[in-house]
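Following: one structure in structure tokens, then a few remarks.
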Amino acid sequence: MEKRHADIIAEELEERIFGGIYADGDRLDEVRLAEQFGVSRTPLREALQRLARSGLVELKPRRGAFVCQPGPVDLIEMFEVMAEFEAICGRLAARRISDAALADLHDANDKCQAAVQAQDPDSYYAENERFHKIIYRESGNSFLEAETSALHRRLQPFRRQQLRLRGRMAQSMKEHKDILTALEHGESEAAADALRGHVAIQGEKFHSLMATLKNAAE
């Protein structure tokens, strides 16, 4: 229950940061936030730690939690590494993925498609996360899975925010289908290329995300 509360609080705080309610450098008052959310300070601190892992919050000893928007170079570097991690996972998974995992990927994709039709980015993100984690696991490399999952968690709020950009869910869905086709056919390089392109934040996607961050900071 505490963990569920922490996730809900973290997502709400992400929305407030991206929505401009909290600006870069603002201090997040634990006592006031705990009262607002009607929880003890334990799940609130867990939520702040989650945001700190993603770089949206900086925890300063004896001073508290402060909003910290990443710069464009930071985001580019993290997404570059994320794209390559996922490409490696896809390359290995294409050789090793089980029939049961392929069925799970189809199920996740079907639910993503339903979320696209409902224009529900939160539901889409939940199934999108499941889709990617199946691929990490099916790489068959536990060290790679752990490192990729850790970076995935750090970039979670930014990947979630991208899905709110107009047309992004539908485009992501198309990319998912290309990834799944490559995995089903055991095409290692095609799977790697599809995942790299799916995750890489460049061109219009990057400009749109940075515009969102800029608007939140102003």
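Annotations for the structure displayed:
- Simple spin-label estimate for ARG153 and ARG96 in nanometres, 7 Å along Cα-Cβ: 2.1 nm
- Considering only alpha-carbon pairs that sit under 8 angstrom and 6 or more positions apart, the relative contact order computed for the stretch 1-99 is 27 percent.
- Extension gain, ALA114 back to GLU184 (0.36 nm per residue minus Cα-Cα distance, nm): 23.0 nm
- With every protein chain in place, the stretch 54-116: carbon and sulfur % of accessible area (1.4 Å): 55 percent
- Percent RCO, i.e. relative contact order, over the stretch 114-189, from Cα pairs under 8 Å lying at least 6 residues apart: 30 percent
- Amide proton proximity set for LEU28, modelled H, under 5 Å, gap of 5+: ALA65, PHE66, VAL67
- Size of charge dipole - the chain - debye, nearest 20, with Cβ of Lys, Arg +1 and Asp, Glu -1, no other charges: 540 debye
- Remark: relative contact order (the chain) = 28 percent; criterion is Cα-Cα distance under 8 angstrom and separation of 6 or more residues.
- Cα gyration tensor, the stretch 136-184 - rounded (a/c under 1.5), prolate or oblate: oblate
- A straight line joining the Cα centroids of the stretch 152-201 and the stretch 1-75 runs 27 Å.
- C-alpha long axis of helix 142-162 to longest principal axis of the chain, angle in °: 60 degrees
- Pairs of lysine residues in the chain that meet both criteria, 8 or more places apart or on different chains and Cα atoms under 20 Å apart, total 9.
- Subtracting the Cα-Cα distance of GLU129 and ILE76 from their residue separation scaled by 0.36 nm leaves 17.0 nm.
- The sum of -39500 (n - 2.57) across all DSSP H runs of n ≥ 4, divided by the residue count of the chain, sets its helix-only mean residue ellipticity at 222 nm to -25500 deg cm²/dmol.
- Just so you know, the Rg over Rh for the stretch 43-82 is 1.06, from Cα atoms, with Rh as the Kirkwood radius.
- Computed from Cα positions, the angle between helix 41-54 and the longest principal axis of the chain comes to roughly 50 degrees.
- Over the chain, accessible surface divided per residue gives 49 Å², non-protein components excluded, 1.4 Å probe.
- Pair-distance profile P(r), taking every C-alpha pair of the chain, with 10 angstrom steps and integer %: 8, 32, 34, 20, 6, 0
The values are calculated or read from the model by the stated rules, or taken from the named source; none is laboratory data. This is a predicted model, so every value here is computed, not measured. Note that each Cβ is placed from the backbone with ideal geometry, even for glycine, and that neighbours are counted across all protein chains shown. Accessible surface is based on the protein model in full, side chains and every heavy atom, while ligands, DNA and RNA are left aside. Shrake-Rupley method; radii C 1.70, N 1.55, O 1.52, S 1.80 Å.
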